Amino acid sequence: MSMAQHAEPAVTTPPASGPEQTDGRTARRPVALRLLARPEVGVFLGAAAVLVFFLVVAPSVRQGSSMATILYQSSTIGIMALPVALLMIGGEFDLSSGVAVISSALTASMLSYQLTMNVWAGVIVALLVSLAIGFFNGWVVVKTGLPSFLVTLGTFLILQGANLAVTKWVTGNVATDDISDMDGFSQAKKVFASSFDVAGVQVKITVVWWLVFAALATWVLLRTKYGNWVFAVGGSKDSARAVGVPVTFTKISLFMLVGFGAWFIGMHNLFSFNTVQSGEGVGQELIYISAAVIGGCLLTGGSGSAVGPVFGAFMFGMVQQGIVYAGWNPDWFKAFLGVMLLGAVLINLWVQRTATRR
């Protein structure tokens, strides 16, 4: 045989029948386990169970007006839970989100009223203030390396005190003045706090904004480079930085997204009630974080979705209003909240272990 000749490669013909030979590394997991690996599946089943439960025990929930109220309550939680969830996926917390909502509303209200300006001027300044608060939180966290829990706890206390002190100093009261007769109020109300008719039922515009923001957040997480950055910095910021992810930009922008959400809900509160109570907002941050956790966002970061917090917020709205429709003592809401949060953490832990088991 000459050197130019080559032996024909051996061809092994697989058996015509019989199970495919795989090892533990290549075996495909059952469909059920692959579904459980999705962070939003568990909360979807939980939300469905809560809905069925209250449909049975509270017949008034079956009315269209009642469901519209539940969706409205859910939307005011869900709009804020979305950016809070993105921030948690990025590995951080924001304990100032609840009082930041009130800070935004107070800024818009007092600026417009005291300077007799068009309310849109106050709305724009409030947006800048909210984004600045988010930027401050993110910048301090990134530059100092301090836990976001401590940084935003400090911001929470600063805003809580400033909300009350500044409002009393400017207005002489703990609430702002009524701005419903000012220029631009009716136009702003249409954007942030209007209602529309669906089959004879009044539905709040926040429900639409909630779903739009959820769709946008889902697209960003799953279809954009920025979404990859969010998961990367939440998983390991050092590893993310090593492969070129702009960690500083990503984390600061996530805090600013929370600021945007606080601004939007603050404007909704202002144009719904025409005035703002400066002491409100305390404790809401725990509800936003809980909705994100119940929605499948891990406390350690790097995992979660935008769809899960939608169902998490719906569970909150369903329980909060369902208790009222059932005629129960509303004080039980916090007990339900604790049960749902603890259950969600345990389910997420079980799902994580089950999904990664070979």
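Filter the range 274-325 down to residues that are open to solvent by 20 Å² or more (accessible area, probe 1.4 Å) and farther than 20 Å from GLN160 by Cβ, then give me how many there are.
So the answer is 14.
Has the range 230-248 got any residue that is touching a residue at least 40 places away in the same chain (Cβ under 8 Å), open to solvent by 30 Å² or more (accessible area, probe 1.4 Å), under 18 Å from LEU131 (Cα atoms) and among the polar types (S, T, N, Q)?
yes
Hey, any hits in the range 218-239 for a residue that's aromatic (Phe, Trp, Tyr) and outside any helix (DSSP H, G or I)?
no
Pairs only if they're at least six apart or on different chains, beta carbon under 8 angstrom, first in the range 317-328 and within 14 Å of THR76 (Cβ to Cβ), second open to solvent by less than 60 Å² (accessible area, probe 1.4 Å) and not in a helix (DSSP H, G or I); list them, first residue then second.
none
Listed residues SER130, SER103; which is open to solvent by less than 30 Å² (accessible area, probe 1.4 Å), under 17 Å from VAL258 (Cβ atoms), touching a Gly at 6+ places or on another chain (Cβ under 6 Å) and hydroxyl-bearing (Ser, Thr, Tyr)? Full working, then the answer.
On the way: SER103 fails: touching a Gly at 6+ places or on another chain (Cβ under 6 Å).
Every option except SER130 fails the conditions.
Which condition number does GLN202 fail, the rest of (1) farther than 30 Å from MET67 by Cβ; (2) in contact with a Ser or Thr (Cβ under 8 Å, 6 or more places away or on another chain) being met?
(1)
Can you go through THR116, THR176, THR144 and tell me which one is touching a helix residue (DSSP H, G or I) at 6+ places or on another chain (Cβ under 6 Å) and either hydroxyl-bearing (Ser, Thr, Tyr) or open to solvent by 60 Å² or more (accessible area, probe 1.4 Å) (or both)?
THR176
In the range 147-163, what residues are part of a helix (DSSP H, G or I) and surrounded by fewer than 17 Cβ atoms within 10 Å (Cβ to Cβ)?
The answer is PHE149, LEU150, LEU153, GLY154, LEU157, ILE158, GLY161, ALA162.
Enumerate the pairs (first residue in the range 189-217 and free of Cβ contacts under 8 Å to residues at least 60 places away in the same chain and at negative phi; second residue anywhere and open to solvent by less than 70 Å² (accessible area, probe 1.4 Å) and of a type in the set (Phe, Trp, Tyr)) with beta-carbon separation below 6 Å, excluding pairs fewer than 6 apart on the same chain, so at least 6 apart or on different chains.
none
Checking the conditions here, which among ASP197, ASP181 is open to solvent by 50 Å² or more (accessible area, probe 1.4 Å), under 23 Å from TRP120 (Cα atoms) and modelled with pLDDT under 95?
Details: ASP197 fails: under 23 Å from TRP120 (Cα atoms).
None of the others qualify; the one that does is ASP181.
If you go through the range 178-192 one residue at a time, how many are among the β-branched types (Val, Ile, Thr) and assigned to a helix (DSSP H, G or I)?
1
The values are calculated or read from the model by the stated rules, or taken from the named source; none is laboratory data. Note that the structure is predicted; figures quoted are calculated from it, not measured. Using ideal geometry, Cβ is built from the backbone for each residue, glycine included, and neighbour counts are taken over all protein chains shown. Accessible surface is based on the protein model in full, side chains and every heavy atom, while ligands, DNA and RNA are left aside. Shrake-Rupley method; radii C 1.70, N 1.55, O 1.52, S 1.80 Å.
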